[in-house]
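Heads up, the thing below is written out as structure tokens.
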Amino acid sequence: MVAAAEPGISAQQPKEKVDPIRWLKENLFSTWYNVILTALGLYIIYLVAAGLYQWGIADAVWVAETRRECLDKNPNGACWAGVFAWFEGFIYGRYPLDERWRINFGVIVLVLWMVPLWLPRVQGKIGIAASVVAFYPFFAGYLFMGGDKSLFLQVMVSIAIVSFIGVIVHAVIGVTSGGSLARTLLRLTGVSGAGDKLQRNLLIIAALAAVAIAFMAQAQWEVPTVSWVRWGGLFLTLVISGIGITTALPAGIVLALGRRSQLPVIRVLCTTFIEVFRSVPLITILFMATTMFPLFLPEGFTLNKLVQVIVAVCLFAACYMAEIVRGGLQAIPKGQYEAAHAMGLGYWRMMGFIIMPQALKFMIPNIVGNLIGLLKDTTLVTIIGLFDILNMIQAASQDVPWRGLHKEPMFVGALIFFIICFSMSKYSQHLERKLNTDHR
Amino acid sequence: MSTVEVQSIRDKEALASAASTEVIIDIRAMNKWFGQFHVLKDINLSVHKGERIVICGPSGSGKSTLIRCMNRLEEHQQGDIEIDGVTLDTNLKNIDQIRSEVGMVFQSFNLFPHLSVLQNCTLAPIWVRKMPKAEAEELAMEYLTRVRIPEQAEKYPGQLSGGQQQRVAIARALCMRPRIMLFDEPTSALDPEMIAEVLEVMIELADTGMTMLCVTHEMGFANRVADRVIFMDEGEIVEQNTPHEFFENPQSDRTKLFLSQILAH
Ligand SMILES: Nc1ncnc2c1ncn2[C@@H]1O[C@H](COP(=O)(O)OP(=O)(O)OP(=O)(O)O)[C@@H](O)[C@H]1O
Ligand SMILES: [Mg+2]
């Protein structure tokens, strides 16, 4: 390829100007067999695209009451009417119609809570991320389950509400003035001149007061119980894989460090744990979790199946993650440890500031690959009778008016998975480029 | 100036600094093994405050191992090592304290590639010395200026030349305000044209009265700054002397052989 160097900007790499016709000639039609391959490729693409277009758009039936009606209108086309009728089911499962706003609301809160992580001027991103991981699950858990709140849950929900509002206000202040919530509060109350310790204590008192107010406010708030049995669809898939994804990395790091530990007891425990869980298929672990796990529990103590499944998925994911982390740690040269030791950094600081950040960067492709795998693996919960998105898709084809409707819902399901997984993969590539400060 | 003149000046200075009789490193009857392999054999060495020592010897003679024992990157099995009054043993507190008083510069720089030059320099002062960030940055800029690369503070190590990286490594170690600096062949991974810039920085550092132990084969440097040259072979300290005596009048055959080899280049 020819790079047309522009004079005058030699400081930067010259931008390649691509002449499209030339590009085509050089890449697709350079030799006679290249011409044949190109033609063959184009023909195959044409066949697939034309077939899809004919089936999915040209011959498709968009409005119908039953599959019969679809077939009557056009037996060769897709019956999207059935997908429309079931689409909400794919997303929310059998969650009661009147309560579905709670899922939407939960998702909106989560998105708003996490948006500040991507805003450049907001400070304290690690704290924000930690608040999401630590408190959102309690808020969302109650929102989705409903019913009576235990005192503990009430306190956690109050903390979650306060952190959420705090993060939002903090983000707004950050974006508009580059400041932080804490400093603004101190300035407004006129105590910014006070000593560090006093300031910190005042902030803690303010936070406690806010939690107390939130506690009173949420006491009135109650939403009806929705049993986990009714959870389903993409919602359930995301709940299981979301919890799996957020616990896998921290738990994986702990297990990996444990496996490299100097203390034999910890090392043997972690190694055994990792090897056992890695050597058993997820589906077996799921069955064991739902059938054998209850045997170990004390009499009268029942766990619901969903919790068992989530625990199983988390353990499984953590073990895979542990091995990825261990691989990443092995890629760090010995000199990095020595330099950190030589300057007097302790074990945890060395790991936290020097080793892990570098190792995690090497690991991003593997981590994201693993998380994508985890998301797809959660469809296995279908087999033990949870109504995740795959099971809802199958349910659609059993539904009396739409009996036999297989292709279209599967197509949509595949599309949904593709969109989610592809975005994760793209984001991971972006992250890799952004974090590539090594210039190695 | 002729070498002889330089030498006489150095000898006078050596006498002057030897006047500081405070012992800062005291190694007594120290032995170390790697498994069955006896790397360091009955090492006795005491270093006065402000003394500049060059350690040389053939490859594999245990030079690196010796200085790495002084900040516990390697563990010794027998004998005592006392640094600035603190004994190096299994007590983690002592180890941490000694490490924060002893700076080390490695042959392969070992900068942290994911942190900027400035962050490389401020990390330990902030987290080990508990220094406020602004103060640590000011200190780092001071030392970066001293090693003559303040303009590179925002860059990442991978964007610098070898000589610049090694100077950052020196600044990073100095930011802890160490009382002792250990150098393990700081110039042997560098291209010849960069060696001079690093040596220059080290010479300036020596002139400030820092206690320095330096493993190097740069005999010009030894001649210029060392108060004492130590020759090691097969895990033993074979000979030690002022540079002048060491180069002009080596005592043992092993030293003579080594010098003839190294000066042949
Ligand atoms: N971790 C280790 N385990 C086993 N043997 C080691 C280890 N580190 C060093 N050795 C051995 O100890 C001896 C001394 O090594 P050391 O690195 O101290 O030599 P050196 O004098 O610094 O040599 P060089 O000039 O090549 O750097 C060598 O024979 C080496 O092979
Ligand atoms: Mg060495």
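The values are calculated or read from the model by the stated rules, or taken from the named source; none is laboratory data. As the structure is a prediction and not an experimental result, all values here were calculated from the model. Please note: Cβ atoms are built from the backbone with ideal geometry, for glycine as well, and neighbour counts cover all protein chains shown. Ligands, DNA and RNA are stripped out before the accessible areas are found, and what is left, the full protein with its side chains, is counted by its heavy atoms. Shrake-Rupley method; radii C 1.70, N 1.55, O 1.52, S 1.80 Å.
Being more than 20 Å from B:ASP96 (Cα to Cα), away from chain A (no Cβ under 14 Å) and within 16 Å of ligand 1 (Cβ to nearest atom), is that true of even one residue in region B:202-215? Within region B:202-215 (the criterion being more than 20 Å from B:ASP96 (Cα to Cα), away from chain A (no Cβ under 14 Å) and within 16 Å of ligand 1 (Cβ to nearest atom)), the answer is yes, since at least one residue qualifies. Of the helices (runs of 4 or more DSSP H) lying entirely inside region B:16-132, those containing at least 1 residues that are within 16 Å of ligand 2 (Cβ to nearest atom) span B:63-69.
Listed here are the residues, each with its yes/no results for (1) under 30 Å from B:LEU111 (Cα atoms); (2) open to solvent by 60 Å² or more (accessible area, probe 1.4 Å).
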position	(1), (2)
A:VAL254	yes, yes
A:ILE266	no, yes
A:ALA289	no, no
A:LEU297	no, no
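Within region A:380-413, if we keep just the residues that are in contact (Cβ under 8 Å) with a residue 40 or more places away in the chain and outside any helix (DSSP H, G or I), the residue that is nearest to the chain's Cα centre (by Cα) turns out to be A:ASP388. Considering region A:313-337, the residues that are of a type in the set (D, E, K, R) and more than 14 Å from every other protein chain (Cβ to nearest Cβ) include one that is least open to solvent (accessible area, probe 1.4 Å), namely A:GLU323. Filter region B:98-140 down to the residues that are within 8 Å of chain A (Cβ to nearest Cβ) and farther than 19 Å from B:ILE170 by Cβ, then identify the one that is least open to solvent (accessible area, probe 1.4 Å). Selected residue: B:HIS114. In region A:338-353, the residues that are at the interface with another protein chain (Cβ under 9 Å from one of its Cβ atoms) reach residues that are of a type in the set (Lys, Arg) with C-beta atoms within less than 6 angstrom, at least six apart or across chains, in these pairs: A:GLY344/B:ARG99. Return only the number of the condition from (1) within 20 Å of A:ALA317 (Cβ to Cβ); (2) in contact (Cβ under 8 Å) with a residue 40 or more places away in the chain; (3) touching a strand residue (DSSP E or B) at 6+ places or on another chain (Cβ under 9 Å) that A:SER428 does not satisfy. Here A:SER428 clears every test but (3). For the condition touching a residue at least 24 places away in the same chain (Cβ under 8 Å) and within 14 Å of another protein chain (Cβ to nearest Cβ), B:VAL147 does not qualify. Scanning region A:130-155 for residues that are touching a residue at least 40 places away in the same chain (Cβ under 8 Å) and of a type in the set (A, V, I, L, M) returns A:VAL133, A:LEU143, A:MET145, A:VAL155. Scanning region B:64-86 for residues that are more than 14 Å from chain A (Cβ to nearest Cβ), touching a residue at least 40 places away in the same chain (Cβ under 8 Å) and either surrounded by fewer than 15 Cβ atoms within 10 Å (Cβ to Cβ) or in contact with a Cys (Cβ under 9 Å, 6 or more places away or on another chain) (or both) yields B:HIS76, B:GLN77, B:GLN78, B:ASP80, B:ILE81.
Among the residues of region B:192-214, some residue qualifies, meaning at least one is within 16 Å of ligand 2 (Cβ to nearest atom) and modelled with pLDDT of 95 or more. Could you identify the single residue in B:ASN31, B:ASN91 that is without any contact (Cβ under 8 Å) to a residue 24 or more places away in the chain and either away from ligand 1 (no atom under 16 Å from the Cβ) or open to solvent by less than 30 Å² (accessible area, probe 1.4 Å) (or both)? Of B:ASN31, B:ASN91, the one residue that is without any contact (Cβ under 8 Å) to a residue 24 or more places away in the chain and either away from ligand 1 (no atom under 16 Å from the Cβ) or open to solvent by less than 30 Å² (accessible area, probe 1.4 Å) (or both) is B:ASN91. Tell me yes or no: at least one residue of region B:165-186 is without any contact (Cβ under 8 Å) to a residue 60 or more places away in the chain, more than 14 Å from chain A (Cβ to nearest Cβ) and not basic (Lys, Arg). Scanning region B:165-186, I find no residue that is without any contact (Cβ under 8 Å) to a residue 60 or more places away in the chain, more than 14 Å from chain A (Cβ to nearest Cβ) and not basic (Lys, Arg), so the answer is no.
Conditions tested, residue by residue: (1) at pLDDT below 90; (2) outside any loop (DSSP other than H, G, I, E, B).
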| residue | (1), (2) |
| --- | --- |
| A:ALA64 | yes, no |
| A:ARG68 | yes, yes |
| A:LEU71 | yes, yes |
| A:GLY77 | yes, no |
| A:GLY82 | yes, yes |
| A:PHE87 | no, yes |
| A:ILE91 | no, yes |
| A:TYR95 | no, no |
| A:TRP101 | no, yes |
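Rundown of residues vs (1) in contact with a strand residue (DSSP E or B) (Cβ under 6 Å, 6 or more places away or on another chain); (2) away from ligand 1 (no atom under 12 Å from the Cβ), yes/no style:
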site	(1), (2)
B:HIS38	no, no
B:GLY62	yes, no
B:ASN71	yes, yes
B:HIS76	yes, yes
B:GLU82	yes, yes
